[in-house]
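The values are calculated or read from the model by the stated rules, or taken from the named source; none is laboratory data. As the structure is a prediction and not an experimental result, all values here were calculated from the model. Positions of Cβ are backbone-derived with ideal geometry, glycine not excepted, and every protein chain shown enters the neighbour counts. When the accessible area is computed, the model is the full protein with side chains, heavy atoms only, and any ligands, DNA or RNA have been set aside. Shrake-Rupley method; radii C 1.70, N 1.55, O 1.52, S 1.80 Å.
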Amino acid sequence: MIKAILIFNNHGKPQLSKFYQPYSEDTQQQIIRETFHLVSKRDENVCNFLEGGLLIGGSDNKLIYRHYATLYFVFCVDSSESELGILDLIQVFVETLDKCFENVCELDLIFHVDKVHNILAEMVMGGMVLETNMNEIVTQIDAQNKLEKSEAGLAGAPARAVSAVKNMNLPEIPRNINIGDISIKVPNLPSFK
Amino acid sequence: MVVPSLKLQDLIEEIRGAKTQAQEREVIQKECAHIRASFRDGDPVHRHRQLAKLLYVHMLGYPAHFGQMECLKLIASSRFTDKRVGYLGAMLLLDERHDAHLLITNSIKNDLSQGIQPVQGLALCTLSTMGSAEMCRDLAPEVEKLLLQPSPYVRKKAILTAVHMIRKVPELSSVFLPPCAQLLHERHHGILLGTITLITELCERSPAALRHFRKVVPQLVQILRTLVTMGYSTEHSISGVSDPFLQVQILRLLRILGRNHEESSETMNDLLAQVATNTDTSRNAGNAVLFETVLTIMDICSAAGLRVLAVNILGRFLLNSDRNIRYVALTSLLRLVQSDHSAVQRHRPTVVECLRETDASLSRRALELSLALVNSSNVRAMMQELQAFLESCPPDLRADCASGILLAAERFAPTKRWHIDTILHVLTTAGTHVRDDAVANLTQLIGGAQELHAYSVRRLYNALAEDISQQPLVQVAAWCIGEYGDLLLAGNCEEIEPLQVDEEEVLALLEKVLQSHMSLPATRGYALTALMKLSTRLCGDNNRIRQVVSIYGSCLDVELQQRAVEYDTLFRKYDHMRAAILEKMPLAEQDGPQADEEAKESKEAAQLSEAAPVPTEPQASQLLDLLDLLDGASGDVQHPPPLDPSPGGALVHLLDLPCAPPPPAPIPDLKVFEREGVQLNLSFIRPPENPALLLITVTATNFSEGDVTHFICQAAVPKSLQLQLQAPSGNTVPARGGLPITQLFRILNPNKAPLRLKLRLTYDHFHQSVQEIFEVNNLPVESWQ
């Protein structure tokens, strides 16, 4: 099973921490620090697997990590998980985040931690892999977000206006209008998107 | 006036704006004060926002326990927005150790039975993450109902929740076993994935379930076959492989079902061959599937040809340029080395290549595998590689490498001289990382190889002259020079170039060791005794030695002082006995220097303090620091004493112990600990073929009403004994006589030292942490004699 999923930046500051086994608050923070310490020592072109630190359960458990620019995604797993499979899982997770946030960057993750938790909850539950089909996950998340927005009432009006405009289907503006031998070039209008 | 509260994003912005840790703390404390006030006022509209902020600061490490009750209120609200944050808060802030967690059981029950699908999803997710045993028992009926609901979204979550429940409350297996058969017929991948996980969990827990599910092997084979032969489908494919996650899970389940079962293995053979040969290995996903296939092939009763194919696939992966693949290949080969040793041997050269990796994870794996592959035919070549590795490996691997080399050398050494050379090399390269008994082993080895005495003492002298900092090396060298000093000075040894060593040099070297600040007290003891022995081996007058000995008579170290005083007395009053006492030692028996311990001077003379702890000798037992077994005092308890074989008048053999080990009699069990229904029992076994070994099985039982969790047992023994703790069978003992935890201790006691055992227990019981440290009294004498 997956024991913990951690995302932290190059300085060790946690951007997301989810534990699937009960650890005290202190232990959780120590695990984050210990994991960062172990992972940040690694070179760029070594393998993505590490023995787990003492706090997370020692050499029976592994840290499987991927480094994307400024973020480390670390999954702490026990020996029952396939290492290569988890690598793929991290990739699917990041791609899903990309789809939900539209070209996700570190700031998205920082400012929308709760949304990242929700997306993660659709993929991994109780330390086990739940769903890996990106479309299903994104559909669910969209449905839930809609539910939230509909509850937001008046306070959500500006937000809803923005999203209404975003979702508006404008007809395709032709670039060139050819009528007979008159050719009119249509200027570039600013997009609403 | 109500100040509008910050949105989560704004808070995050503020925190990021803080330039120092102190500033950040200030911002957060101010905000937490607002949040606390808002909770007190009970504002329902913004509650979810306040909790979201609290959860964020909780992730950064700040206290957030005052939000626990708010989670409950949010979960009980009817709005989805509230429930979403509330359930997230429950997962992050509540766990089984807080009594408050039981309060959400009712809300979860309502949401499971009456909520809309997303709400049911939230409730299931939370239950599967933090659900305790009580909650699981209460909510099992609701989850069971949801297993057969029409919506696949809810069903797949319910299935994984069922897996969690079975882990917490094993009796629920009987509830969740029947629906599995029907669930396997589903087409939805999420449901299938969950079902396979559920079946795997059930089979791992109960042999009866395992037998039951063997029936579905054909169905599983069919599902896997469909996945493999299905064309490219965008829905679940990763890099062109259809749902590799599901494939891997199915392969794992097939492994469990086919193990030791001819019929099931037969059914899978074709499919496994197909997957092994047709999977695209250019991307990670394909390789993941291929690895699982290989492991499954090796674990079940597959055809020989298939096994060869599997090992060859692994061998191919060892040569892959991708480091991740090499890592997994090494791990898999390590798993196979016990069962298919000869197949793995074929890949030995490649494995040895991997030792030279710069990547620490890979070289560690390669080290473990290399050590497992050493056998009598390749030992010389392998040792060469391993010793080269020892010189250049990262420090955290040194200890493992050194002890691995020494163990392998012990088992497979082709000649004694090679063995001595190997140990010498390890001591010079990684001396500080070797285990304590390496010194004793080496002295024993050298003592036994009479023809090599001259050679050994030569080499040790040279090594010592170069470097006196590696303590094990210095100790062995000092002992050897003391014993065989005459051979050293004789100068002839056809195996090394002749070296002229004169007496003064030897004495100077030993004095240097004595005076060096790098020498441990134990090492000094060795050096002083060696000097003393040389007084009978060398031809010159002994003034220098006598001088040194008398100087150390006032040394601050009590051990050294005692020795020096005794030796001095030997010079002054008992000079006629000196030669006899300091004669060369005969070889000690392999099962401990029992036979040669007992020659003692008569009581009025100073006692030779080098006695290894003797069972019936009260003074010797004071050498052990009985009050603190965890850091033993004198480190020289392994030093075999000089023996006086001749009945020289005043010498009395206090004991004439037999050399044959006593016939094994069953040793009675011992109950060592009892507290509130939790008991700890020890049972002892002395295997007759190895009299120095004692196996203790520790059993923890629980007759109370509450579960014992996080049970850890640690032990300490006196320094002259060696203790090895094997992994316990688990760390939870269920209440009312549930399955006990057993753990095996291996104790090596070559010197037949009195066994003392100190135990430290930590566990959680009745929601309290318990820690007990105690020494075991009334250990049966048969356990160490």
Original post:
When B:PRO63 is evaluated against the numbered criteria (1) within 14 Å of chain A (Cβ to nearest Cβ); (2) buried (at least 18 other Cβ atoms within 10 Å of the Cβ), which criterion, by number, is the only one it fails?
Top reply: (2)
Original post:
In the list B:ALA158, B:ALA162, which residue meets the criterion of being crowded, with 20+ Cβ neighbours inside 10 Å, in contact with a Phe, Trp or Tyr (Cβ under 7 Å, 6 or more places away or on another chain), closer than 23 Å to A:LYS3 by Cα and within 13 Å of another protein chain (Cβ to nearest Cβ)?
Top reply: B:ALA162
Original post:
Would you pick out the residues in the stretch A:89-99 that are open to solvent by 40 Å² or more (accessible area, probe 1.4 Å) and of a type outside the set (Lys, Arg)?
Top reply: A:GLN91, A:GLU95, A:ASP98
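Okay, residues lined up against (1) more than 8 Å from chain A (Cβ to nearest Cβ); (2) in contact (Cβ under 8 Å) with a residue 60 or more places away in the chain; (3) open to solvent by 20 Å² or more (accessible area, probe 1.4 Å):
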site: B:ALA52; (1), (2), (3): no, no, no
site: B:TYR56; (1), (2), (3): no, no, no
site: B:GLY67; (1), (2), (3): yes, no, no
site: B:GLU70; (1), (2), (3): yes, no, no
site: B:LYS73; (1), (2), (3): yes, no, yes
Original post:
From B:VAL457, B:VAL439, which residue is on the phi < 0 side of the Ramachandran plot, touching a residue at least 24 places away in the same chain (Cβ under 8 Å) and within 26 Å of the chain's Cα centre (by Cα)?
Top reply: B:VAL439
Original post:
For the stretch A:65-84, which residues satisfy the criterion of being without any contact (Cβ under 8 Å) to a residue 40 or more places away in the chain, facing another protein chain (nearest Cβ under 10 Å) and either of a type outside the set (A, V, I, L, M) or touching an Asp or Glu at 6+ places or on another chain (Cβ under 6 Å) (or both)?
Top reply: A:SER79, A:SER82, A:GLU83
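In this structure, does B:ARG47 turn out to be over 20 Å from A:LEU16 (Cβ atoms) and either among the hydrophobic types (A, V, I, L, M, F, W, C) or out of contact with any Lys or Arg (no Cβ under 9 Å at 6 or more places or on another chain) (or both)?
Working: over 20 Å from A:LEU16 (Cβ atoms): yes; either among the hydrophobic types (A, V, I, L, M, F, W, C) or out of contact with any Lys or Arg (no Cβ under 9 Å at 6 or more places or on another chain) (or both): no.
No, not satisfied.
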Original post:
Looking at B:ARG84, B:ARG36, which one is at negative phi and within 13 Å of chain A (Cβ to nearest Cβ)?
Top reply: B:ARG84
Subject >> Subset of the stretch B:704-723 (residues that are among the polar types (S, T, N, Q) and under 23 Å from B:ASN777 (Cβ atoms)) >> reply: B:GLN714, B:SER720, B:GLN722
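Which residues, taken from the stretch A:23-50, are within 12 Å of chain B (Cβ to nearest Cβ) and of a type in the set (S, T, N, Q)? Please lay out each step first, then the result.
Within the stretch A:23-50, the first condition is being within 12 Å of chain B (Cβ to nearest Cβ), and the residues that meet it are A:23-33, A:38-39, A:41-50.
If the condition is that a residue be within 12 Å of chain B (Cβ to nearest Cβ) and of a type in the set (S, T, N, Q), then A:SER24, A:THR27, A:GLN28, A:GLN29, A:GLN30, A:ASN45, A:ASN48 are the ones that fit.
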**OP:** Could you check how many residues of the stretch A:85-108 are at pLDDT 90 or above and either within 11 Å of chain B (Cβ to nearest Cβ) or on the phi > 0 side of the Ramachandran plot (or both)?
**Re:** 9
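If you check B:PHE745 against the conditions, is it more than 22 Å from B:ASN441 (Cβ to Cβ) and in a strand (DSSP E or B)?
no
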Original post:
Looking at (1) within 22 Å of A:GLN91 (Cα to Cα); (2) open to solvent by 20 Å² or more (accessible area, probe 1.4 Å), which is the one condition that is false for B:ARG214?
Top reply: (1)
Original post:
Can you tell me which residue in the stretch B:1-33 is nearest to the chain's Cα centre (by Cα), limited to those that are within 13 Å of chain A (Cβ to nearest Cβ) and open to solvent by 100 Å² or more (accessible area, probe 1.4 Å)?
Top reply: B:GLN21
Subject >> Residue count for the stretch A:110-140, restricted to those that are among the aliphatic types (A, V, I, L, M), open to solvent by less than 10 Å² (accessible area, probe 1.4 Å) and more than 7 Å from every other protein chain (Cβ to nearest Cβ) >> reply: 6
Original post:
How about the stretch B:254-271: which of its residues are under 20 Å from A:GLU83 (Cα atoms) and buried (at least 24 other Cβ atoms within 10 Å of the Cβ)?
Top reply: B:LEU254
Subject >> Sole residue being in a helix (DSSP H, G or I) and closer than 23 Å to B:GLN249 by Cβ, chosen from B:ARG316, B:ARG335, B:ARG326 >> reply: B:ARG335
Subject >> Residue under evaluation A:TYR20, criteria (1) more than 9 Å from every other protein chain (Cβ to nearest Cβ); (2) open to solvent by less than 30 Å² (accessible area, probe 1.4 Å), criterion not met >> reply: (1)
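Is the stretch B:409-431 home to any residue that is open to solvent by 30 Å² or more (accessible area, probe 1.4 Å), within 28 Å of A:ASP60 (Cβ to Cβ) and of a type in the set (A, V, I, L, M)?
So far as the stretch B:409-431 goes, no, none of its residues is open to solvent by 30 Å² or more (accessible area, probe 1.4 Å), within 28 Å of A:ASP60 (Cβ to Cβ) and of a type in the set (A, V, I, L, M).
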**OP:** Just one of (1) farther than 21 Å from B:LEU102 by Cα; (2) part of a helix (DSSP H, G or I); (3) of a type in the set (Phe, Trp, Tyr) trips up B:PHE66, so point out which.
**Re:** (1)
Original post:
Which of the residues spanning the stretch A:43-70 are touching a Phe, Trp or Tyr at 6+ places or on another chain (Cβ under 9 Å) and surrounded by fewer than 19 Cβ atoms within 10 Å (Cβ to Cβ)?
Top reply: A:LEU55, A:ARG66, A:HIS67
Subject >> Selection within the stretch B:232-288 - more than 10 Å from chain A (Cβ to nearest Cβ) and either outside any helix (DSSP H, G or I) or aromatic (Phe, Trp, Tyr) (or both) >> reply: B:TYR232, B:SER233, B:GLY240, B:SER242, B:ARG259, B:ASN260, B:HIS261, B:THR279, B:ASP280, B:THR281, B:SER282
Original post:
Taking into account only those residues within the stretch B:34-48 that are in a helix (DSSP H, G or I) and within 11 Å of B:GLU70 (Cβ to Cβ), which is least open to solvent (accessible area, probe 1.4 Å)?
Top reply: B:ILE35
**OP:** With the checklist (1) away from chain A (no Cβ under 11 Å); (2) open to solvent by less than 30 Å² (accessible area, probe 1.4 Å); (3) under 24 Å from B:GLY738 (Cβ atoms); (4) touching a residue at least 40 places away in the same chain (Cβ under 8 Å) in hand, flag the one item B:PHE176 doesn't pass.
**Re:** (4)
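Could you tell me which residue of the stretch A:30-42 is modelled with the lowest pLDDT, considering only residues that are open to solvent by 40 Å² or more (accessible area, probe 1.4 Å) and over 16 Å from A:TYR68 (Cβ atoms)?
Applying the filter and picking the extreme gives A:LYS41.
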Original post:
Restricting attention to the stretch B:179-191, which residues are more than 10 Å from chain A (Cβ to nearest Cβ) and open to solvent by 10 Å² or more (accessible area, probe 1.4 Å)?
Top reply: B:PRO179, B:ALA181, B:GLN182, B:HIS185, B:GLU186, B:ARG187
Original post:
From the residues in the stretch B:129-147 that are open to solvent by 60 Å² or more (accessible area, probe 1.4 Å) and farther than 21 Å from A:VAL124 by Cα, which one is nearest to the other protein chains (Cβ to nearest Cβ)?
Top reply: B:GLU134
Subject >> Within the stretch B:465-577, helices (runs of 4 or more DSSP H) holding 1 or more residues that are open to solvent by 20 Å² or more (accessible area, probe 1.4 Å) and under 29 Å from B:ASN441 (Cα atoms) >> reply: B:471-490, B:503-515, B:521-537, B:558-572
